[in-house]
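J.: Quick one: the structure is below, questions incoming.
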Amino acid sequence: MWSRKELKDRAKAVLRINYWKAFLISLVIVIAGGYSRSGGSSVIRGGRGGYNSGSNDWIVPNTVSDRFLLLSILVIAIIVIAVFIFAISFRIFLGYSLEVGGRRYFIKSAQHDDNRSCFSFAFLGENYKGIVLTMLLKGVQNFLWYLLLIIPGIVKSYSYRMVPYILADNPNIGYKRAIALSENMTDGHKFDIFVLDLSFIGWYLLGLLALVVGTLFLMPYENATNAELYLSLRESAISIGFTSQEELLLSRGTDSLYGK
């Protein structure tokens, strides 16, 4: 059974060797994360450039100011839609592979393995296809859970937490198997992982006090800790029989928790 202190101590030991490279990789993961926020829409009421319910038709704006207002709204809407489409496209076609490549870097670093070419690994032909398809379907599936209620969506996000790490080992494992294996790995650990996440909040608050920039320097620590968490859960899953070294494409001699 893993503990927060054990994971964090191992993460610190790894970062003492390659902190600045881990920092750059963490920036790539953040950029590739593609987190988006959606806001509500506003409705303009009144005026001569609106809808006339009495005549059941639209009143054509007959002043320069009305026309300029509608043109401005149209331009803003087009820009917002274009930015949204760009963000989604970036996340799907670049972000997923960049994220998985970054997770692979931290896994390899934790095992003291060769951590070079992690990003090129994620963009290789079949690897790229497997990563994009699995991450996309995982995101859609998690989104559908959020449509039910917020709490089930959050719980499922913890169930799917290990999917990018599993893909970092075997990008062609298949989305159904990746999700099922992640659910097996996190079963009985979701609350502990939630508490692990909470343990970083104090550090992030301190980072915010340092003109927000301080939060960036905490990311390698959190990413390294999460890689240690995956290695612990992976080791347990292999020992229980949920998966195997062959399924995760682990080379002999580097499959243990410490990469020995």
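J.: With respect to Leu208, determine if the residue is out of contact with any Cys (no Cβ under 6 Å at 6 or more places or on another chain), aliphatic (A, V, I, L, M) and farther than 23 Å from Lys12 by Cα.
T.: Here the answer is no, as Leu208 does not meet what is asked.
J.: While we're on this one: Search segment 198-218 for residues being part of a loop (DSSP other than H, G, I, E, B) and surrounded by fewer than 11 Cβ atoms within 10 Å (Cβ to Cβ), and hand back the single one that is modelled with the lowest pLDDT.
T.: Of everything passing the filter in segment 198-218, Leu211 is modelled with the lowest pLDDT.
J.: Would you call Gly153 out of contact with any Asp or Glu (no Cβ under 9 Å at 6 or more places or on another chain) and buried (at least 19 other Cβ atoms within 10 Å of the Cβ)?
T.: no
J.: Now for a different question. Of all residues in segment 178-191, how many are without any contact (Cβ under 8 Å) to a residue 12 or more places away in the chain and over 19 Å from Gly153 (Cβ atoms)?
T.: Total meeting the criteria: 1.
J.: Ala87: in contact with a Phe, Trp or Tyr (Cβ under 9 Å, 6 or more places away or on another chain) and surrounded by 14 or more Cβ atoms within 10 Å (Cβ to Cβ), yes or no?
T.: no
J.: Check Ile179, Ile173, Ile166 and return the single one that is under 20 Å from the mean Cα position of the chain (by Cα) and not in a helix (DSSP H, G or I).
T.: Of Ile179, Ile173, Ile166, the one residue that is under 20 Å from the mean Cα position of the chain (by Cα) and not in a helix (DSSP H, G or I) is Ile173.
J.: Check whether at least one residue in segment 158-180 is out of contact with any Ser or Thr (no Cβ under 8 Å at 6 or more places or on another chain) and farther than 30 Å from Leu249 by Cα, and report yes or no.
T.: Taking every residue of segment 158-180 in turn, none turns out to be out of contact with any Ser or Thr (no Cβ under 8 Å at 6 or more places or on another chain) and farther than 30 Å from Leu249 by Cα.
The values are calculated or read from the model by the stated rules, or taken from the named source; none is laboratory data. Treat the numbers as computed from the prediction; the structure is a model and nothing was measured. Cβ sites come from the backbone with ideal geometry, for glycine too, and all protein chains shown count toward neighbours.
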